[in-house]
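Report on the structure given below.
The values are calculated or read from the model by the stated rules, or taken from the named source; none is laboratory data. As the structure is a prediction and not an experimental result, all values here were calculated from the model. Glycine gets a Cβ as well: all are built from the backbone with ideal geometry, and neighbour counts include every protein chain shown.
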Amino acid sequence: MDLAGLGRLPAAFMTAGTSSFSDFLGQYAPEMLPGRRLAGSTQYADHSGLAPHGTTIVAVTFPGGVVMAGDRRATAGNLISQRDAEKVFQADEYSAVGIAGTMGIALELVRLFQLELEHYEKIEGTVLSLEGKANRLAHMIRANLGLAMQGLVAVPLFAGFDAGNERGQIYSYDPTGARSEEHEFYSVGSGSVFARGALKKLFRDDFSAEDAVVACIQALYDAAEDDSATGGPDMYRRIFPIITVVDENGFDRYSDDTVSPLVDRVVSARSGRPDGPQAPLS
Amino acid sequence: MSMQFGYVSPEQIMKDRADYARKGISRSRSVVVLQYEGGILFVAENPSPSLHKISEIYDRIAFAAVGKYNEFEVLRQAGVRLADLRGYSFDRVDVSGRALANVYAQTLGTIFTQDPKAYEVELVVAELGADESSDEIYRIVYDGSVFSQDGFSVMGGPSDQVSTHVRENFQRSASLEDSLRLAVDALGRDEGGEVRQIATTQLEVAILDRSRPRRTFRRIRGAQLESLLSRPAEDTAEDDTADRDTTETPPDETED
């Protein structure tokens, strides 16, 4: 992309109409869109071993907000390629996005999505509705279908604070871009089955923000126990899950100093009962 | 006027276009951009709460304009696209106000000489630096000329009166309240020398705030604006009839 010596701004810049950055990119520099990379070949193939994978993301609502958390492991086949990977991000002032799957695709999609929201905000002078943001993300996942068919899949989890209803909402996606609203809690990635099982037993609808955070840490711990691609808290290196909270005050990513005592509590309780807290039988 | 039929000298064409553009711009109410102790302040007289004259372009870059709304709006959107595209293909720190000012200058210059109608706009691109000595304020006018401004910039409307007032009272390290009051006082100065009171609802105010991380642009409106304007003045007392006819107009105001 040669922007120096641009001279007069090209027509694509000066045309009124689109407030979407990815639409603009599609017109002006389509090769920069992640989904256009392998546009030549749409044949089914498996390139999933090509690049590292990120794994489990969990999200839990509480009255007035939502917590999203992710483990820190990235894997390449049977190897651990990164132990401090980041898979949960701020999307904008009032939402968070976590993404599991091929890391390269995931990170690029997140970057594009963050920019998409900021771009809309600047062009229009107003923010998108939460539903609108969720739909934009669906659109971007759909544009990646060609790569997904070749094994380079990235599946996001989106959560945010809905100012209208004053509550946290969670949206999940499949690789074709189908979007569905999830209630109470949800999880994506290779360890998600175990995480969701744990959350099913732990979730209460009168959670405080901290309760929801602890539930996420418990769920990720359970996922890490049974899924080799999900990393548990690394007590010696002090690498903890990424914890983010979105409520009426906006997005907040917990610092390690805040997460550390919560993780210590969960881990030390597990030394007494390795399977974690017990749910009542009936 | 013994002009050959069908022939207009290039000088005349350019002069006509310049006069045309200037006339359009002078109909627009003024905008004042100035440094204050915490960053850069933008104040415009703007009766519309939604058709902005001041906008965010990028993390540390803001845009202000006077003239025809549809024309500067096209430029504003183009600026946001260019900045976002640069940030996406390189990194956020690689988006600079100077590059944007250059692209605006080239675009306006080309439009001025080649298009049937010149844009009736004047722009300010301001970039917040790490400290006040590295702040940058560029003013770009309808024919593509760029001026690097020191400390403040005034455009549109009766800008002579307004800029005289700002120049005489400007202090780089003034508080936000004092700078805001100075800008509002200046905007109220009309050509005849009368001083108007501008209602808070007629003001569009924004800052690039050095204390904020990442996106530093913030609008100031409603109750917050009221309270900033109603705080007691410290030592901004100056004679209200200070409209001596200063003959020294800055060189950039009088190109012709």
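Points to keep in mind about this one:
Each row is one residue, and each column tells you yes or no for (1) within 14 Å of chain A (Cβ to nearest Cβ); (2) within 18 Å of the chain's Cα centre (by Cα).
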site	(1), (2)
B:ASP94	yes, no
B:ALA130	no, no
B:ILE137	no, yes
B:TYR142	no, yes
B:GLY157	no, yes
B:ASP160	no, yes
B:PHE170	no, yes
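- All positions within the stretch A:137-189 that are among the small types (Gly, Ala, Ser), surrounded by 24 or more Cβ atoms within 10 Å (Cβ to Cβ) and assigned to a loop (DSSP other than H, G, I, E, B): A:GLY189
- Just one of (1) under 15 Å from the mean Cα position of the chain (by Cα); (2) more than 14 Å from chain A (Cβ to nearest Cβ); (3) within 29 Å of B:LEU176 (Cβ to Cβ) fails for B:GLU120. It is (3).
- The conditions of being of a type in the set (Ser, Thr, Tyr), under 24 Å from A:PHE13 (Cβ atoms), surrounded by 12 or more Cβ atoms within 10 Å (Cβ to Cβ) and modelled with pLDDT of 90 or more are met by B:TYR69.
- Matching option when the condition is aromatic (Phe, Trp, Tyr) and under 30 Å from B:ARG172 (Cβ atoms), among B:PHE5, B:PHE72, B:PHE90: B:PHE72
- Test: residue in the stretch A:52-74 that is surrounded by fewer than 23 Cβ atoms within 10 Å (Cβ to Cβ), over 18 Å from A:SER255 (Cα atoms) and either of a type in the set (A, V, I, L, M, F, W, C) or touching a Cys at 6+ places or on another chain (Cβ under 6 Å) (or both): no
- Sole residue being assigned to a strand (DSSP E or B), closer than 16 Å to A:GLY191 by Cβ, in contact with a helix residue (DSSP H, G or I) (Cβ under 8 Å, 6 or more places away or on another chain) and not small (Gly, Ala, Ser), chosen from A:VAL97, A:VAL58, A:VAL66: A:VAL58
- The one condition from (1) at pLDDT 95 or above; (2) within 9 Å of another protein chain (Cβ to nearest Cβ) that B:ASP59 does not meet is (2).
- Qualifying residue in the stretch A:247-263 (condition: touching an Asp or Glu at 6+ places or on another chain (Cβ under 8 Å) and assigned to a strand (DSSP E or B)): yes
- Test result for A:ILE141, closer than 22 Å to A:ARG196 by Cβ and either at pLDDT below 95 or within 11 Å of the chain's Cα centre (by Cα) (or both): yes
- Residues of the stretch B:23-77 classified as over 16 Å from B:VAL205 (Cβ atoms), among the aromatic types (Phe, Trp, Tyr) and touching a helix residue (DSSP H, G or I) at 6+ places or on another chain (Cβ under 8 Å), total: 1
- Matching residues, the stretch A:227-273, being among the small types (Gly, Ala, Ser) and out of contact with any Gly (no Cβ under 8 Å at 6 or more places or on another chain): A:SER228, A:GLY231, A:GLY232, A:GLY250, A:SER255, A:SER260, A:SER268, A:SER271, A:GLY272
- For the stretch A:118-167, filtering for residues that are at positive phi and within 14 Å of chain B (Cβ to nearest Cβ) leaves 1.
- Scanning the stretch A:226-270 for residues that are more than 24 Å from A:ASN78 (Cβ to Cβ), surrounded by fewer than 19 Cβ atoms within 10 Å (Cβ to Cβ) and of a type in the set (Asp, Glu) yields A:GLU248, A:ASP252, A:ASP256, A:ASP257, A:ASP264.
- Residues (of a type in the set (Ser, Thr, Tyr), touching a Leu at 6+ places or on another chain (Cβ under 7 Å) and either modelled with pLDDT of 95 or more or farther than 28 Å from B:ASN70 by Cβ (or both)) located in the stretch B:1-43: B:TYR36
- Some residue of the stretch B:72-88 being under 28 Å from B:PRO10 (Cβ atoms), out of contact with any Phe, Trp or Tyr (no Cβ under 8 Å at 6 or more places or on another chain) and facing another protein chain (nearest Cβ under 9 Å): yes
- Only one entry of A:ALA223, A:ALA195, A:ALA134, A:ALA212 meets the criterion of being crowded, with 16+ Cβ neighbours inside 10 Å, closer than 17 Å to A:ALA85 by Cα, in contact (Cβ under 8 Å) with a residue 12 or more places away in the chain and not aromatic (Phe, Trp, Tyr), and that entry is A:ALA223.
- Residues considered: A:LEU199, A:LEU281. Of these, the only one that is part of a loop (DSSP other than H, G, I, E, B) and either under 16 Å from A:ILE170 (Cα atoms) or not charged (D, E, K, R) (or both) is A:LEU281.
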